[in-house]
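Notes to accompany the following structure.
The values are calculated or read from the model by the stated rules, or taken from the named source; none is laboratory data. Here the structure is a predicted model, which means the values were calculated and not measured. With ideal geometry, Cβ positions are generated from the backbone for all residues, glycine too; neighbour counts draw on all protein chains shown.
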Amino acid sequence: MKVAIASDHGGILIRKEITKMMDELDIEHVDFGCGDEGSVDYPDFAIPVAERVANGEFDRGILICGTGIGMSISANKVKGVRCALVHDVFSAKMTRLHNDTNVLAMGERVIGAGLAREIAKVWLETEFEGGRHTRRIQKIADYENR
Ligand code: RB5
């Protein structure tokens, strides 16, 4: 699995924690910033990651900002992306099982690095359940393709 990860200035600590976790678990990933340039705009980081997932260059994307809200709104504008804003382990699991989400968003001003690490780990390790859920996400794709 190949993961693209990025954050704005509000999500740097969690991004580094998750990058470290992916190193430890041998999960291939590329870090798309931000760096230490100070205050940046979250769409400039969310959209390139979401596009790379949508075009198949990466299997999954992880985005962190202060609340995760700006990142999730931006990512979900990209056709083919199903981004979930998640702050608990149960939702992390369910959004993979039922929604086949390909991008995960979290907010560093909402949860701590330890929980974010667990959420990301469960989200990366859980497979889509398929079955009736395939029909449901197909309806989203059909709407996108209208
Ligand atoms: C940046 O201050 C903050 O607005 C951003 O990180 C995020 O929370 C937006 O949704």
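Observations on the structure shown:
- Scanning region 1-11 for residues that are assigned to a helix (DSSP H, G or I) and either in contact (Cβ under 8 Å) with a residue 40 or more places away in the chain or crowded, with 21+ Cβ neighbours inside 10 Å (or both) returns GLY10, GLY11.
- The single condition from (1) in a helix (DSSP H, G or I); (2) without any contact (Cβ under 8 Å) to a residue 12 or more places away in the chain that GLY35 fails is (1).
- Of the residues screened, ALA141 is not one that is hydrophobic (A, V, I, L, M, F, W, C), within 20 Å of VAL53 (Cβ to Cβ) and surrounded by 17 or more Cβ atoms within 10 Å (Cβ to Cβ).
- Filtered residue count, region 12-48, keeping only those that are surrounded by 15 or more Cβ atoms within 10 Å (Cβ to Cβ) and under 22 Å from ILE111 (Cα atoms): 18
- With respect to being surrounded by fewer than 17 Cβ atoms within 10 Å (Cβ to Cβ) and under 18 Å from PRO43 (Cβ atoms), LYS79 fits the description.
- Verdict on GLU118 being touching a residue at least 24 places away in the same chain (Cβ under 8 Å), touching a helix residue (DSSP H, G or I) at 6+ places or on another chain (Cβ under 8 Å), more than 15 Å from the ligand (Cβ to nearest atom) and part of a loop (DSSP other than H, G, I, E, B): no
- Total residues in region 115-146, condition among the small types (Gly, Ala, Ser) and more than 17 Å from SER7 (Cα to Cα): 3
- Residue among ASP44, ASP36, ASP88 that is at pLDDT below 95 and more than 13 Å from the chain's Cα centre (by Cα): ASP36
- Selection count, region 42-99, where residues are within 12 Å of the ligand (Cβ to nearest atom), assigned to a loop (DSSP other than H, G, I, E, B) and of a type in the set (A, V, I, L, M): 0
- Among (1) away from the ligand (no atom under 16 Å from the Cβ); (2) out of contact with any Phe, Trp or Tyr (no Cβ under 8 Å at 6 or more places or on another chain) - the single one ARG15 does not satisfy: (1)
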